[in-house]
1. May I ask you to verify whether Asp419 is more than 19 Å from Thr391 (Cβ to Cβ), of a type in the set (D, E, K, R) and assigned to a helix (DSSP H, G or I)?
2. When you check Ser40 against the structure, is it out of contact with any strand residue (DSSP E or B) (no Cβ under 9 Å at 6 or more places or on another chain) and within 17 Å of Leu25 (Cβ to Cβ), yes or no?
3. Would you check if Leu565 is modelled with pLDDT of 95 or more and either touching a helix residue (DSSP H, G or I) at 6+ places or on another chain (Cβ under 6 Å) or among the hydrophobic types (A, V, I, L, M, F, W, C) (or both)?
4. Between residues in region 548-564 that are in the same structural domain as Ile483 (by TED's automatic domain parsing) and closer than 19 Å to Tyr537 by Cα and residues that are outside any helix (DSSP H, G or I) and of a type in the set (Ser, Thr, Tyr), which pairs lie under 7 Å by C-beta distance while being six or more apart or on different chains?
5. Within the set of pairs 6 or more residues apart or between chains, which connect a residue that is over 11 Å from Ile471 (Cα atoms) inside region 431-445 to a residue that is of a type in the set (Lys, Arg) with Cβ atoms less than 7 Å apart?
6. Take Lys210 and decide whether it is among the charged types (D, E, K, R) and modelled with pLDDT under 90.
7. Out of everything in region 508-535 that is surrounded by fewer than 15 Cβ atoms within 10 Å (Cβ to Cβ) and either within 33 Å of the chain's Cα centre (by Cα) or of a type in the set (A, V, I, L, M, F, W, C) (or both), what residue ends up being nearest to Val408 (Cα to Cα)?
8. Hey, among the residues in region 420-455 that are surrounded by fewer than 19 Cβ atoms within 10 Å (Cβ to Cβ) and β-branched (Val, Ile, Thr), which one's farthest from Ile369 (Cα to Cα)?
Amino acid sequence: MKAMILTAGLGTRLLPFTQNTPKALFPMAGRPILDIIIHSLQQAGCKSIIINTHHLQQKIDSFLAEQQYTIPVVTRYEPILLGTGGAIKNVVDFWDDNPFLVINSDIISDIDLEKVYTYHLNHPYPVTMVLHDDPKINTVSVSKDNFIIDFHGQVIKASLGEEKTLTFTGIQVLDPEVLSFIPENTFSSIIDAYRKLMLAGRKIKVYYSKNNDWKDIGTPERYKEAVYETMAPEAFKKAGSDDGVNNIKRVCLKGDGSDRIWYRLTAESGSGEGIGVNSPDARKKVVANRNLVMVDHGIKTQSAASEIDAFVTIGRHLHDKGIPVPEIYLYDTFSGWVFMEDLGDLNLQEIVQKTRCSSQLILYYQSVIDLLVEMSISAAKGFDPSWTYQTACYDRNLIIEKECRYFVDSFLRGYLGLDPNFEDLRNEFISLADKALEFSVTGFMHRDMQSRNIMVKNKSFYFIDFQGGRIGPIQYDLASLLIDPYVALPLPLQVQLLNYCIDRLSPLIRFRKNNFSTCFKFCSITRNLQILGAFGYLSRTKGKTYFEKFIPAALATLKHNLFTLKGAEFPKLKRIVEKISKK
């Protein structure tokens, strides 16, 4: 048996994601679909494979050049698209006198290709088309004795008796005689050839795939769902569900500031072999329910490192260092899915709101600071700046662009409707950035260390949302924690906890306490600018008005920290803050 994989299409239904990646190289749980198909053909006994290419053909050629398959795999470039029929005719020199198999590159299936080929050899008809029942896209009419009678709603031959409508899987076996029904050197669909064949009195036999999984991944939604259905059971296995998982249920969780979508997955675990993920029979052998959290970052549109890359690499680094973060069990950075440990729904913000005893509150924060200090030091060891998203470290440019300019553009302009001139403030912002870095005690920084990113499970604290991590001043994370507007800690408590952190850190790193506190003060201001920028952006641009109620607390903290500075620093920024505080 020889086979052809059709990969030349432009993938227009998958735009913009196919602008940089041909759909044949879309990964399924980290493995390109093209590779999955080639291996399934090898397993079916295929002797050689040809692949037609056009869109981003160099990427397919490069991928194949890196592989070591046990059978010959070659490509045939089409300068001008020829369609499915034209592509098959264009490789007429590749075919021999035996039936050959053709398969689309945008499908995922466990259909046994060897059985399909054997089925074709055992009947006298020139074509076997593999069909599947998918009510959402069923278009092909089939007679009761399993012959094609209608394509895409166009009746070719009157049906006799009962008929059903099914979906073409993109898998077909053809006798060489079919090639004579395909025109040369022109665009044509294989369906046009089949129409001619049927009008000539020949029949097309159907191989009906009843009990197999089959998915067309030709749209972003279908692709993502296919990846999810493939990865979810495997994620539960990696999380320790060795006895199998069934009936996986997905519930969307309440989002926060980012555009990512979060889910909780619940699976019934048991020993029911052969029971499908969503089968009602899965309930018969239930042992226990297990949970995972899954986050959707969206399909990747760029080859450069993105948020999901940072989330995964930094998250695994922190976990390997023993830092309390959710364990990441499985991920696919292209499709955007990440499966991880479920830490529940309780966070530090809720704990603080329920705590009336100040001594207990201090103990909570001291425990978090202990973990923060440990993370700052241990996670800095072996940390690779290439893992980071946007910038490699916390430096002057980041402060000016991602905190100061963010404050001006998203809060002053976008939220308050003011019209400040950023360039008039630039020199003050440069001075602020330099002071925030001058006495920094450098380590790993989380960069969003606030109460909603600290989960509480079994009376232990865990850090989440670490994708912004990088090397920078330890004081910044401490400032984020203590000036957090979600909890609005009293100023005396902030001072007490600052001193606690200094005492915990002093035996581990050499620094001057006054210098540490000075850096903390300026980091509090830069963090405050970032917070207000984020609240303005989320409230007005993203429509997440929930964040508006925390703006007064953030603004009050910014004013306090600015106006308690010694000397006449930042006069322009102070005038703006004084003005908006009176509104």
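1. When the stated conditions are applied, Asp419 does not pass them.
2. Numbers: out of contact with any strand residue (DSSP E or B) (no Cβ under 9 Å at 6 or more places or on another chain): no; within 17 Å of Leu25 (Cβ to Cβ): yes.
Answer is no for this residue.
3. Here the answer is no, as Leu565 does not meet what is asked.
4. Once the first residue is in the same structural domain as Ile483 (by TED's automatic domain parsing) and closer than 19 Å to Tyr537 by Cα and sits in region 548-564, its partners that are outside any helix (DSSP H, G or I) and of a type in the set (Ser, Thr, Tyr) give Phe550/Tyr486.
5. Listed pairs, sorted by first residue: Ala433/Arg396; Asp434/Arg396; Leu437/Arg396.
6. Numbers: among the charged types (D, E, K, R): yes; modelled with pLDDT under 90: yes.
Judged against the criteria, Lys210 is a match.
7. Only one residue fits best here, namely Ile509.
8. Per the criteria, the residue is Ile430.
The values are calculated or read from the model by the stated rules, or taken from the named source; none is laboratory data. The model shown is predicted, which means the values in this text are computed figures rather than measured ones. For neighbour counting, all protein chains shown are included, and Cβ atoms are generated from backbone atoms with ideal geometry for every residue, glycine included.
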